[in-house]
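What follows is a single structure, written as structure tokens, with notes after it.
The values are calculated or read from the model by the stated rules, or taken from the named source; none is laboratory data. Being a predicted model, the structure only gives us computed values, none of them experimental. Cβ placement follows ideal geometry from the backbone for every residue including glycine, while neighbour counts extend to all protein chains displayed.
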Amino acid sequence: MGSEWRNCKLGDVCEFVSGTVFPKDFQGALSGAYPFIKVSDMNLPENERLIKNSNNWITEDMKKKLRAKLHPAGATVFAKIGIALTYNRRRMLTRQTIIDNNMMSAVPDQTVVDQLFFYYLLCTVDFNQVASGTALPYLNISDLLKIEISLPPLPEQKAIAHILGSLDDGKARFVNAVAALSQAFALVVPHEYAIRIRDEVGFFQVVKAYILKKPETKEDKRKDRGDIELAVRQIISRAIVPGGVMDIFEAAGLKKPDISILDEKFLEEVKKLPYKNLVLEALKKLLNDEIKTLARKNLVMSRSFSVMLEESVRKYHNKTVEAAVVIEELIALAKEIRESRKRGGKLGMSEDELAFYDALEVNDSAVKVLGDETLRTIAHELVEAIRRNVTIDWAIRENVRARMRAIVKRILRKYGYPPDKQESVTNTVIEQAELLCESWVSQS
């Protein structure tokens, strides 16, 4: 059977179609002729695989005014720009649908590929491999068309799709069964038999947590991210609790802190705790989350802190230093991150200006000769100039990107920035601009 599979490209079996701009004035209707879905609709209840619900609907007249394209039932949709595309989420349409311009559909040629099989096939393709851009990734249709795939004969595709569809339904059954098991376990613990099977119960809780975990949504990111990351450690330490996965801060003997604070009292408390390995893991998670938050605003600073964190943790994993030493390093890093929030105020700069200021390689000796006042002025002008020229799609329009680079280089030359460093700094500044442009456009 394997010999009948053939190699081809996505462009041979499907058409990629971009979405339609969806003005706010047209949004909000709960009924109409067509659902108009956005990236966020992929996370609605019952939309885990098939798009069944939508937050927005439009009438036939509205469709004509928008010159909106209809995407057919059976097409697979996905995010085409921004952080959302990196999550590789796919959904299949169940009816004619309009999608917004941050999305794209893949419409399969049903003479050569089964629609459901094609959906599952796309779920295995990592679009990050062909994405352009850095801080603001995006997809080009020309790159998608070139992706190589393997296809079995059509009857075999249908059989595979049927089996995979059955497995999807099995997820819900498994989750319900584990929930019932956990409730039963809670009723009988600490019975001797319950204690004997707690590792097995914990294993099923871990699998259930993995199935349910969806960290790609903004709402989920605000929830506690510790459950899945720490479940294996929970089993190893035989710390199963009836209510679910035990939080690492609780295991370490800590009250769970406000991640945005990292206050002195908490950091001092950490030093006194006996479970050094758990304390280290708790601090690592805390700092990782803090750095991820920083990375949405300041590219250079977040990269610097990330390298420092990785280096400290690497020493522990390589057994070159004890956990207690690494904990001291992580506490020092936490304090440094906390102090970094005050830098903008001390320098008389906004958060955005500070991000571009850091992008100027201000610690380089050749750059320092310009003087801090000049560097702050450059950062201010970069923010003003880039903000005036940024649009939601500037990162995927080569002519706009070229103009943006020219603006950056003109400002650098204006203030005598070292010529041999202008190219690399321009690249960093553009990356920083990509990072901030979505929030800027939404505020404009």
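Quick notes on this structure:
- None of Met92, Met42, Met62 is of a type in the set (A, V, I, L, M, F, W, C), at pLDDT 95 or above and surrounded by 15 or more Cβ atoms within 10 Å (Cβ to Cβ) except Met92.
- Hits in segment 101-121 (condition: part of a helix (DSSP H, G or I) and surrounded by fewer than 23 Cβ atoms within 10 Å (Cβ to Cβ)): Gln115, Leu116, Phe117, Tyr120
- Residue that is surrounded by the fewest Cβ atoms within 10 Å (Cβ to Cβ), among those in segment 2-37 that are under 20 Å from Pro153 (Cα atoms) and of a type in the set (A, V, I, L, M): Val13
- Whichever residue in segment 346-371 is of a type outside the set (S, T, N, Q) and without any contact (Cβ under 8 Å) to a residue 12 or more places away in the chain and, among such residues, is farthest from Leu412 (Cα to Cα): Lys346
This table checks each residue for (1) crowded, with 18+ Cβ neighbours inside 10 Å; (2) among the charged types (D, E, K, R); (3) assigned by TED's automatic domain parsing to the domain that holds Ile386; (4) at pLDDT below 85.
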site	(1), (2), (3), (4)
Lys297	no, yes, no, no
Leu309	yes, no, no, no
Lys315	no, yes, no, yes
Glu322	no, yes, no, yes
Ala332	no, no, no, no
Ala355	yes, no, yes, no
